[in-house]
Every structure is written in structure tokens, then in C-alpha cells.
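Notes follow the structure.
The values are calculated or read from the model by the stated rules, or taken from the named source; none is laboratory data. Bear in mind that the values here come from a model prediction, so they are computed numbers and not experimental data. Reconstructed Cβ throughout: ideal geometry from the backbone, glycine too, with neighbour counts over all protein chains shown.
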Amino acid sequence: MAVWWCDMCGIVGYVGEREALPIVLGSLRRIEYRGYDSCGVLVQDSANEQIYIHKGLESIGELMEKLHYHGTIGIGHTRWATHGMPSVRNAHPHLDCSGEIAVVHNGIIENFQSLKEGLLRSCRFRSDTDTEVIPHLIEKMLERARETGKPYDALLKEAVRESLSYLKGSYAIIVAIKGFDGLIAARRESPLIIGLGDRENFIASDVPAVLEQTNRVIYLEEGDIAVVKKDGIQIENGAVEVTRVARVIPWTIEDAEKGGYEHFMLKEIHEEPKAIIDTLRGYLTETGIELGFDAGHEILMVACGTSYYAALCGKYIIEHIARIPVHVELASEFNYSDTVLGDDTTVMAITQSGETADTLMALKKAKRFGCRTVAITNVLGSSVTRIADDTVYIRAGPEIGVAATKSFIAQLVILYLLGFYIADMPGHELESWLGELKRLPQLAQMVIDDSNTAIRANARYLAGFENVFFVGRGVNLPVALEGALKLKEISYIHAEGYAAGELKHGPFALLTDATPVVAILSYDNVYEKTLGNIKEIKARGAPVIAVAVDGDEEVEKYVDAVIRVPASRAILSPIPNTVALHLLAYWTANTRGCEIDKPRNLAKSVTVE
Ligand code: F6R
């Protein structure tokens with residue numbers, strides 16, 4: 001039988017004096033980027049000790065219209081399936097035999113099969129999930145603990161603690177128990193936070209879920225178990241009571257809302273200039289740059305997806321500016337490779353969410369080699385920050401659209417800063433570079449302001465094709481890869497990013513008038529070479545759209561259309577070029593009527609290997 005893991009999901013909980021249902025659904029809607037195949041809620045009415053449960057394949061929006069449960073305690077779940085089709089049967093919450101203990105879960109219980117075999121002797125299972133063993137275990141432990149005659153709260157905590165001790169794998173869970181005036185939350189290797197309110201508290205996988213209610217947040221740590229009530233929170237770790245400091249999150253609810261844009265992705269692209277400004281502001285001092293760690297003389301960067309492309313840009317950037325060797329590895333490959341690292345290598349993990357499982361594993365592997373580790377992330381207190389020796393925050397603000405946009409731009413900004421930070425430059429030279437960096441927000445803004453003409457026209461054109469190539473050389477090769485990834489994931493057009501000089505080694509066979517090629521150029525040492533590649537592509541009959549700087553008249557002679565970007569020093573060109581490609585992907589997908597913020601089969605933070 002297929003197993004239904006819940007390794008990529010969003011969970012939320014509420015305990016207070018207000019109606020729980022709208023708060024739980026509202027919170028779930030804000031973290032739908034964690035998954036949106038199926039969802040479920042539970043509301044407990046403390047007045048008559050009733051619990052109401054709904055699980056379904058509807059969207060959260062539909063549930064908001066349809067459900068009308070009353071009660072002041074609630075939990076909810078939104079799921080991203082990795083194994084098996086979504087179904088009501090496998091949606092959360094999952095219950096024990098009595099139907100009184102309910103669990104929502106994000107993670108994977110690796111040993112669920114053996115646990116289930118043991119439990120099947122006395123328990124009735126209703127789903128094919130790994131999660132369902134948890135409420136049944138709690139049910140068993142509670143029966144056992146009851147014999148001790150301890151107070152109810154202590155019994156429940158003990159039963160949860162005991163149950164969790166049997167689990168192998170990862171989890172963030174919220175447990176609701178009929179008749180109990182609180183919720184129990186616990187985490188291991190999956191994120192979980194508690195939002196603090198006034199006579200009410202909130203639990204969630206991610207901060208945006210609670211931002212509408214509060215910006216005071218506790219990040220639960222590995223192994224924490226918390227009893228959350230409306231007027232108090234008790235946290236223990238290893239059966240010892242612990243104190244966790246609340247942090248004030250510098251994000252506002254407007255940061256996490258669409259603010260009049262049709263999609264989060266468009267809003268987030270429009271926030272790219274601000275992400276540059278905020279990230280620069282965080283690290284520019286009166287005398288230069290302060291990143292707060294020693295980068296060493298050899299760097300390995302590990303990352304996935306778009307963050308990996310930022311890392312690849314980082315290689316070109318740092319090697320150009322600081323002239324030290326930079327290696328880049330896909331985290332998922334590095335984890336099982338025979339790569340040997342010297343302890344003088346600094347290993348940097350680049351991850352927007354700070355929760356990507358492959359990237360976290362890679363950083364842990366680097367630590368085993370004795371390497372210094374640095375996290376470059378957007379999310380305060382995320383898992384990666386707990387593993388790395390040092391953390392540098394990009395300051396992109398919450399990114400809700402599943403496709404990464406402003407976080408990529410902010411990651412590039414950190415990589416430029418890192419290059420200058422490492423390079424031992426004379427003061428006047430650094431000053432001149434910093435002047436150029438400070439112009440980047442303006443350049444990005446110019447691309448956005450111009451996007452209604454060339455970018456949208458070319459997007460309408462691309463929307464009619466099923467295959468597109470993106471090519472670039474040097475620092476604009478990763479930009480081409482990012483442009484292709486963005487187009488394919490949100491428009492479902494097959495897009496390939498390629499080194500412009502490599503097409504002739506095979507992909508030329510695919511070039512026809514039905515395979516447009518987007519070529520990215522800047523005035524650098526490979527400008528002429530890229531132009532040569534464009535001529536070769538045109539000779540094979542493929543239409544070419546160039547992304548080129550204002551005033552480049554030469555390129556016009558060889559291509560079918562040009563998307564203009566403002567000129568910058570060539571090594572900085574990935575910023576304006578990527579803004580243009582993000583908009584190109586967005587408007588192409590928009591023309592095709594795609595679900596832009598929630599592309600099929602994807603989720604924003606991939607907490608599974
Ligand atoms: C693509 C995208 C993904 C992420 C990747 C890594 O638009 O968003 O490829 O970049 O899943 O995520 P983080 O950066 O959170 O580690």
C-alpha cells in the first residue's frame with residue numbers, strides 16, 4: 001500500500017477567547033505556499049466540549065465560505081503530497097480510536113511502519129499516513145499515564161513526551177485533545193513557532209501565519225514540547241522546563257499581503273529594489289562593509305534551486321572581485337558525494353527559507369569536516385541559523401509566492417558585499433564600487449517601470465511556444481539558468497538554461513523557428529563571444545530575444561527583439577537582467593492564465609530530501 005507522508009506541510013493552532021475557525025483558516029491561507037493539495041481543521045468548543053473536524057480537497061478560501069464551527073481552540077493543516085495522491089482520507093488532523101486526540105503534523109515518521117504494526121493489535125487505523133501513529137501512540141501512553149493519578153495537564157504532557165520518544169524522523173506537531181483547555185506543540189527537525197497574544201496564543205510552521213495577529217514570536221528549538229494555553233506557555237526539553245526568549249519580528253502584515261497586486265509574485269518582483277536597499281542598509285557602515293564573520297580564503301557554497309543559481313553567480317562575483325577560489329555544489333549532490341573538505345574551507349549555505357532539508361544536511365556534513373559554516377538566509381531563527389556558526393540575513397521581507405524572486409536579488413546583494421568584504425581594496429576603489437552598488441535599486445526600478453512595453457510584448461510572444469532556451473555566458477550564465485527555471489515553474493513552458501557557447505555541442509539539433517532563445521548580454525569580456533553565439537543560433541532559424549543594455553545598437557542587428565536594461569558595471573548586470581527575466585516569466589505565465597503563486601506540484605520550503 002502507498003504510504004502518505006506529510007513531509008511538506010503547513011500547520012497552525014489557536015488558543016484564546018475569540019472564534020478559532022476564522023483565525024485558523026486565515027493563518028493557513030497565509031502559509032498555503034507550504035502546500036495546497038488538501039487541508040483540514042479542527043475546532044473545539046470548550047462550552048460543550050464538542051470537537052468539529054473537516055478535511056477536504058477544497059481551497060482554504062472555499063472552507064472560509066463553507067464552514068461555521070464555533071469554538072475557541074483550533075488547529076489546521078495544509079498539505080503538500082510527496083508520496084501518493086491527495087485524498088480526504090489522508091488529510092489531517094488524524095485521530096486516535098476514540099476520536100478525542102487529534103494531531104496535525106509536518107515531517108516524516110520514518111519508523112511508522114513498525115510502530116503501526118504494533119499498534120494495529122489494538123487500534124483501528126483510518127488512513128495510510130505515517131502521521132496517524134502519533135495520536136494512537138498518545139492514546140496508549142495516556143492510558144498508561146492515567147494509572148499514575150497525576151493531574152490532567154501533567155498526564156497529557158507525559159503522554160506526548162513518551163509518544164515522541166518512540167518516533168524516528170522529523171516532526172512539527174500540534175495536538176488537540178477533547179476537553180483540554182490548550183494545545184500541545186512539539187518539534188524535531190521541522191520548524192514551529194508560537195505567536196504571543198493578549199489572552200491568546202498562536203502556533204504555526206512559519207511567521208507569516210501569525211503576522212496578522214502578532215509580531216512577538218517564540219521559535220521552538222529541537223526537541224521542545226510546549227503546552228500552549230490562552231494565558232500561558234510552558235516549554236520543556238528533555239523533560240526539563242526551559243525558557244525561550246520571544247523575538248519581535250520586523251515584518252508587518254502588509255509585507256505578507258498582496259497590497260493590490262494580482263499575485264504575490266508580481267508584488268515581490270516590484271519589491272526587488274526595496275530588497276536591495278534593505279539588504280545593503282544592513283551591512284554598509286560609515287567605513288565600508290561589516291558582515292560579522294571571517295570568510296577565509298577558500299569558499300564552498302551549497303544550495304538548491306534558485307538559491308543555487310545565486311551561489312553560481314556568487315562564484316563569478318567573488319572570483320572576479322576578491323580573486324579567491326569559490327566552489328559551488330548542489331546540496332543534494334554534495335550530501336552523497338565523496339568530496340573531502342579541508343577545515344580551512346568556509347562553507348556557506350544559501351537558503352531563502354532556512355529550512356531546505358538538502359541544504360541543512362549539507363551544512364551538517366561540512367561541520368563534520370570541521371569547516372567554518374555560514375548561513376545566508378531570509379528567515380530569522382530558521383533551522384539553518386541554528387546549525388551555522390554565523391548567519392547573514394538577506395533582508396527581502398516575507399516571500400510568499402512559491403517562485404523565489406526578491407530573495408534571489410537580495411542573495412546577490414549579499415554576495416557582492418561578500419566579494420568586496422573579502423577583497424583587500426584601496427579605500428577609494430571600494431568607495432567607487434559601493435557607489436555602484438547603491439545605484440542598483442534605481443536600476444532595478446527602471447526595469448520595472450519600463451516593463452509594460454518590451455517585456456510584456458515579448459511575454460505575450462513567448463506564451464505561444466512550448467520550448468524556450470535561455471543562454472548567457474560568464475556571470476550571466478546563472479542568470480539564464482534562473483530565467484529558465486522561473487519560466488518553466490510558473491508557465492509550464494519547457495525552458496532550458498544553457499551556456500551560450502555550449503548550444504553547438506548538442507542542443508543546436510533542437511533549434512527551429514518554434515524554439516525561441518532568450519540571450520542575456522552585458523558589456524564584459526564575453527560580449528563579442530555571446531554575440532557570435534547569437535549569430536549561430538539565428539542561422540539555425542530560431543527566433544532570438546536579447547536582454548541587453550540601453551545603447552547597445554550592435555545586438556539589434558542580429559536579433560528579433562530586445563529587452564532593454566540600464567547599463568551597469570558588467571559584474572553587477574545580473575541584477576537588472578534578472579529583474580527583467582522575473583518579469584518576463586511572470587507576464588508569460590499571466591498570459592497563459594497560470595496559477596502563478598502556487599504552481600502545480602511545488603511548495604515553497606522543501607523540508608524533504
Ligand atoms: C524556485 C524556487 C526554488 C527554491 C529552492 C530552495 O523559484 O523557489 O528552487 O529556490 O527550493 O529554497 P531555499 O532558498 O528556501 O533553500
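For (1) outside any loop (DSSP other than H, G, I, E, B); (2) at pLDDT 95 or above; (3) surrounded by fewer than 24 Cβ atoms within 10 Å (Cβ to Cβ), each residue gets a yes or a no:
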{"position": "Arg188", "(1), (2), (3)": "yes, no, yes"}
{"position": "Asp198", "(1), (2), (3)": "no, yes, yes"}
{"position": "Ile203", "(1), (2), (3)": "yes, yes, no"}
{"position": "Thr214", "(1), (2), (3)": "no, yes, yes"}
{"position": "Ile235", "(1), (2), (3)": "yes, yes, yes"}
{"position": "Met265", "(1), (2), (3)": "yes, yes, no"}
{"position": "Lys274", "(1), (2), (3)": "yes, no, yes"}
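Look at (1) under 26 Å from Ala480 (Cα atoms); (2) out of contact with any Cys (no Cβ under 9 Å at 6 or more places or on another chain) and you find that Thr359 fails only one, number (2).
Which of the residues spanning the range 467-499 are within 16 Å of the ligand (Cβ to nearest atom), surrounded by 20 or more Cβ atoms within 10 Å (Cβ to Cβ) and among the hydroxyl-bearing types (Ser, Thr, Tyr)? Passing the criteria: only Ser491.
Do you know which residues across the range 349-364 are surrounded by fewer than 20 Cβ atoms within 10 Å (Cβ to Cβ) and either more than 14 Å from the ligand (Cβ to nearest atom) or among the small types (Gly, Ala, Ser) (or both)?
Filtering the range 349-364 down to residues surrounded by fewer than 20 Cβ atoms within 10 Å (Cβ to Cβ) leaves 361, 364.
Result: Lys364, single match.
Identify, from the list Glu536, Glu528, Glu502, the residue that is at pLDDT 95 or above, over 22 Å from Cys313 (Cβ atoms) and surrounded by fewer than 20 Cβ atoms within 10 Å (Cβ to Cβ).
Working: Glu528 fails: over 22 Å from Cys313 (Cβ atoms); Glu502 fails: over 22 Å from Cys313 (Cβ atoms).
That would be Glu536, the only listed residue that is at pLDDT 95 or above, over 22 Å from Cys313 (Cβ atoms) and surrounded by fewer than 20 Cβ atoms within 10 Å (Cβ to Cβ).
Taking Glu502, is it of a type in the set (D, E, K, R), assigned by TED's automatic domain parsing to the domain that holds Ile448, over 17 Å from Ala459 (Cβ atoms) and touching a strand residue (DSSP E or B) at 6+ places or on another chain (Cβ under 7 Å)? Against the criterion (of a type in the set (D, E, K, R), assigned by TED's automatic domain parsing to the domain that holds Ile448, over 17 Å from Ala459 (Cβ atoms) and touching a strand residue (DSSP E or B) at 6+ places or on another chain (Cβ under 7 Å)), Glu502 does not qualify.
The C-beta contact set for the range 306-332 (first residue closer than 16 Å to Gly472 by Cβ and in a helix (DSSP H, G or I), second residue within 14 Å of the ligand (Cβ to nearest atom) and among the aromatic types (Phe, Trp, Tyr), distance under 8 angstrom, 6+ apart or interchain) comprises Thr306/Phe408; Tyr309/Phe408; Ala310/Phe408.
Out of Gly370, Gly342, which single residue is over 25 Å from Pro191 (Cβ atoms), of a type in the set (Gly, Ala, Ser) and modelled with pLDDT under 95?
Details: Gly370 fails: modelled with pLDDT under 95.
It is Gly342.
Set side by side, the residues Leu284, Leu291 differ, and just one is surrounded by fewer than 22 Cβ atoms within 10 Å (Cβ to Cβ), among the hydrophobic types (A, V, I, L, M, F, W, C) and under 16 Å from Val374 (Cα atoms), which is Leu291. None of Ile409, Ile376, Ile400 is closer than 29 Å to Asp597 by Cβ, assigned to a loop (DSSP other than H, G, I, E, B) and touching a residue at least 12 places away in the same chain (Cβ under 8 Å) except Ile400.
The set of residues in the range 491-546 being touching a Pro at 6+ places or on another chain (Cβ under 8 Å) and hydrophobic (A, V, I, L, M, F, W, C) consists of Val517, Ala542, Val544, Ile545. Could you please find all residues in the range 465-508 being closer than 17 Å to Ile520 by Cα and in a loop (DSSP other than H, G, I, E, B)? Scanning the range 465-508 gives Arg473, Gly474, Val475. Does the range 369-383 contain at least one residue that is of a type outside the set (S, T, N, Q), within 16 Å of the ligand (Cβ to nearest atom) and more than 20 Å from Thr279 (Cα to Cα)? Scanning the range 369-383, I find no residue that is of a type outside the set (S, T, N, Q), within 16 Å of the ligand (Cβ to nearest atom) and more than 20 Å from Thr279 (Cα to Cα), so the answer is no.
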